[in-house]
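Trainee: Pasting in a structure now, in structure tokens, and then I'll have a few things to ask.
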């Protein structure tokens, strides 16, 4: 219990530091988006217009501390002002539409890759002298060594263009109205197959090898020999005695991978024109939509910290020695 | 006492290594009688643990049982089908491994490590298995409150007791003890051995006790076998082997340990270092370290032979 409280304190501190950086960074840069806007109009805007726009976008005057407090309040109240790019839609609204898709894409593919990868890694290392253990890991290493974009484009070309059996754009068929009905759910699944599949294909090998390395260490332990001498079933020795212990070092890697999976989904969303946060972020950067960029970075920070905290909780449950 | 429980005939175990084949157990034959404690002695790497592993057929690559048979109550362990082998393991032969620190899984509770073996071999319900687990812990002198502890919450001696409790779970006919007390201090070692002796009186199982400590073995074992470089070189009644060793290696081994009870004596070691199994000489394996090595020892491998029916020695200098 002490451990969890301590970790919670750590993550809250990390969150405060991260959002403070998020606050300072744009202010350290010369100028602001309005200056960019001003230069884009080639000086045809006068000072009062500029001030009005500035206020509308929430760039307020006052001391740095006042600004910081206002910034904190805007985060707590989730009122992050309007987006420059999609004015007058609020940043919260823009993100609210894109975020669920990214969570679905990033976490969905990570979870599937984990389940497949850890299962293969466990089985392949326990039966490492057999056909499966000899053949599957090298094949996966081969596949995963392609850069992600190449794999994604190959899938895109084969299934999306040549065979034309899977959609290559959007999160669901735009003709459908979103809701809990079969047509919509099927359409979402169909649209997710290629982007998710490509991420899974590239990600799965990492988990196979992570798990296999951990397993091979564990399989040399005396308690594995003892479990076998006890006449327990191979499945039980493989999962409960070996896999259970091998998952501990892998769990740490999973916690870190959650953050990366959000970053990784940016590229996927661009390749498959998937309407998630990555796509929005890219558009925001091109348009210098500072409020939007800031908010997305904030979301990423929160996502990574939350994921790590959950991973810590899971770790306590996995390894009883930790909580001491 | 005379009924044979386990019979090992001409057992050979090889380690298949990239730079050759190392024969860790070379043509060993011995038997364990019902209710008997057989001690197996020898230095590190002499093949005593490898031999013990064979009895439960636990070897995995690169180890390979290349020859021989292991008959448990007449049934060849090495020819058992996987299902029969699983049932045979622990039901008939259980193992107490070298160090209890490592033979208990650190993240599984004592309760589960006790009950899973019971439930794997019997039709006991979860509740019955747990009652049996409590009973077993009490047999080895651990309070039942400890049932749901994890190994890291117990001391070294308690962990070794837990391992012994697990070994007793199915009341096997034979318990293999591979240096069960090496990791413990002498006081705890003594406690556990005394307890073991009492348990043996109660349950009547046989013990294959593996150790390099001959003086300890002379106390607890009925017979002692001594191994060197994979060969069984001397076998006889415990007191005989310990007090009147015949093979020069056994003599060296006996004089390497201080006597607990007797007068002060100078300790003599065995000169040289263990044999490289990948580079065995012609003739006797012990020749390079033997004080009485002569021409025949460099030519011919000595066979186990006996003067008296109870004593076997593999040496040309009989």
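Any read-out appearing in this document is the output of simple, stated calculations on the displayed coordinates, not a laboratory observation. The shown structure was predicted, so the numbers you read here are calculated from the model rather than taken from an experiment. Because the Cβ atoms are built from the backbone with ideal geometry, glycine has one as well, and the counts that use them run over all protein chains shown.
Trainee: To the nearest µm²/s, what D does Stokes-Einstein give for chain B at 25 °C and 0.890 mPa s, using the Kirkwood radius over alpha carbon pairs as Rh?
Mentor: Translational D for this selection: 119 µm²/s.
Trainee: Evaluate E = 1/(1 + (r/R0)^6) for residue B:318 and residue B:298, where r is the Cβ-Cβ distance and R0 equals 22 Å; express this FRET efficiency to the nearest 0.05.
Mentor: Values: r = 17 Å, r/R0 = 0.78.
For R0 = 22 Å, the calculated efficiency reads 0.80.
Trainee: Only Cα pairs within less than 10 Å get springs; with that Gaussian network setup on chain A, which residue of A:107, A:313, A:163 has the largest fluctuation?
Mentor: The residue that fluctuates most here is A:163.
Trainee: Okay, next question. So if we plug the beta-carbon distance of residue A:236 and residue B:61 into 1/(1 + (r/R0)^6) with R0 = 22 Å, what FRET efficiency do we get, rounded to 0.05?
Mentor: 0.55
Trainee: Other chains near B:105-113: what is the mean number of their Cβ atoms within 10 Å of each residue's Cβ?
Mentor: Mean partner-chain Cβ count within 10 Å for B:105-113: 5.
Trainee: Would you mind calculating the relative contact order of chain B from Cα pairs under 8 angstrom and at least 6 residues apart, reporting the percent as a whole number?
Mentor: 20 percent
Trainee: Among the DSSP beta bridges whose two residues both lie in chain B, what percent are antiparallel, rounded to the nearest 5?
Mentor: So the antiparallel bridges in chain B amount to around 60 percent.
Trainee: Consider a paramagnetic label point 7 Å from the Cα of residue B:4 along Cα→Cβ; state which residues of the stretch B:26-65 have an amide N under 20 Å from it.
Mentor: In the stretch B:26-65, the label zone of residue B:4 (backbone N under 20 Å from the point 7 Å along Cα→Cβ) covers B:26-40, B:51-57.
Trainee: How many nm separate the modelled label positions at residue A:162 and residue A:79, each set 7 Å beyond the Cα in the direction of the Cβ?
Mentor: Simple spin-label model gives 5.6 nm for this pair.
Trainee: Also, I was wondering about something else. Can you work out the FRET efficiency for the pair residue B:78 and residue A:314, with r the C-beta to C-beta distance and R0 = 45 Å, to the nearest 0.05?
Mentor: The value I calculate is 0.55.
Trainee: Okay, moving on. In degrees between 0 and 90, to the nearest 10, how far off the longest principal axis of chain A does helix A:131-144 point, with axes built from Cα atoms?
Mentor: The helix A:131-144 is inclined about 20 degrees to chain A.
Trainee: Can you give the angle from 0 to 90° between the axis of helix B:186-203 and the longest principal axis of chain B, with both taken from C-alpha atoms, to the nearest 10?
Mentor: Taking Cα atoms only, the helix is inclined about 70 degrees.
Trainee: Using the scaling law 2.2 N^0.38 Å as the reference, what is the normalised Cα Rg of the stretch A:236-322?
Mentor: 1.46
Trainee: To continue, here is another question. Could you check which residue among A:222, A:79, A:175 shows the biggest mean-square fluctuation in a GNM of chain A with a 10 Å Cα cutoff?
Mentor: Highest fluctuation of the listed residues: A:175.
Trainee: Given springs between every Cα pair under 10 Å in a Gaussian network model of chain A, which of A:229, A:307, A:253 has the largest fluctuation?
Mentor: For chain A, modelled as a Gaussian network with Cα springs under 10 Å, the answer is A:229.
Trainee: Let a ≥ b ≥ c be the square roots of the eigenvalues of the Cα gyration tensor of the stretch B:189-318; is it rounded (a/c under 1.5), or, if not, prolate (a/b larger than b/c) or oblate?
Mentor: Working: a/c = 2.08, a/b = 1.70, b/c = 1.22.
Verdict is prolate for the stretch B:189-318.
Trainee: So if each residue of separation counts as 0.36 nm, and I subtract the Cα-Cα distance between residue B:126 and residue B:21, what length gain in nm does that give?
Mentor: Taking residue B:126 through residue B:21 to full extension adds about 33.2 nm, to one decimal.
Trainee: Another question, if that's okay. Rounded to the nearest 5, what is the percent of antiparallel bridges among the DSSP beta bridges in the protein assembly as shown?
Mentor: 60 percent
Trainee: In the stretch B:125-167, which residues have a backbone nitrogen under 16 Å from the label point lying 7 Å from residue B:185's Cα in the Cα-to-Cβ direction?
Mentor: B:155-160
Trainee: Counting only C-alpha contacts under 8 Å and six or more residues apart, can you give the relative contact order of the stretch A:98-318 as a whole percent?
Mentor: Reported as a whole number, the value is 29 percent.
Trainee: Related question: What is the mean number of Cβ atoms from other protein chains located within 10 Å of the Cβ atom of each residue in peptide A:243-255, rounded to a whole number?
Mentor: Numbers: counts 0, 3, 4, 0, 1, 2, 0, 0, 0, 0, 0, 0, 0.
Per residue, the number of nearby Cβ atoms from other chains is 1 on average.
Trainee: Within a 10 angstrom radius of the beta carbon, how do A:115, B:166 rank from fewest other beta carbons to most? Walk me through the numbers on the way to the answer.
Mentor: Details: A:115 13, B:166 29.
The most exposed by this proxy come first: A:115, B:166.
Trainee: Moving to a separate point now. Given axes a ≥ b ≥ c from the Cα gyration tensor, I'd like to know whether the stretch A:98-318 is rounded (a/c under 1.5), prolate (a/b larger than b/c) or oblate.
Mentor: prolate
Trainee: Add -39500 (n - 2.57) for each DSSP H run of 4 or more in chain A, then divide by its residues: what number comes out at 222 nm, to the nearest 500 deg cm²/dmol?
Mentor: -24000 deg cm²/dmol
Trainee: Right, something else. How would B:224, B:139 line up from fewest to most surrounding beta-carbon atoms within 10 angstrom?
Mentor: Details: B:224 26, B:139 17.
Lowest count first: B:139, B:224.
Trainee: Same structure, new question: Using only the alpha-carbon atoms, what does the stretch B:13-73 span along each of its principal axes? Please give whole angstrom values in decreasing order.
Mentor: 42, 25, 18
Trainee: Among B:192, A:322, which comes first, second and so on when ranked by fewest other beta-carbon atoms within 10 Å?
Mentor: Lowest count first: A:322, B:192.
Trainee: Using alpha carbons only, how many degrees (0 to 90, rounded to 10) separate the axis of helix A:277-286 from the longest principal axis of chain A?
Mentor: 40 degrees
Trainee: Which shape class applies to the protein assembly as shown: rounded if a/c is under 1.5, otherwise prolate when a/b exceeds b/c and oblate if not, where a ≥ b ≥ c are the square roots of the Cα gyration tensor eigenvalues?
Mentor: Prolate shape, in that a/c is at least 1.5 and a/b is the bigger ratio.
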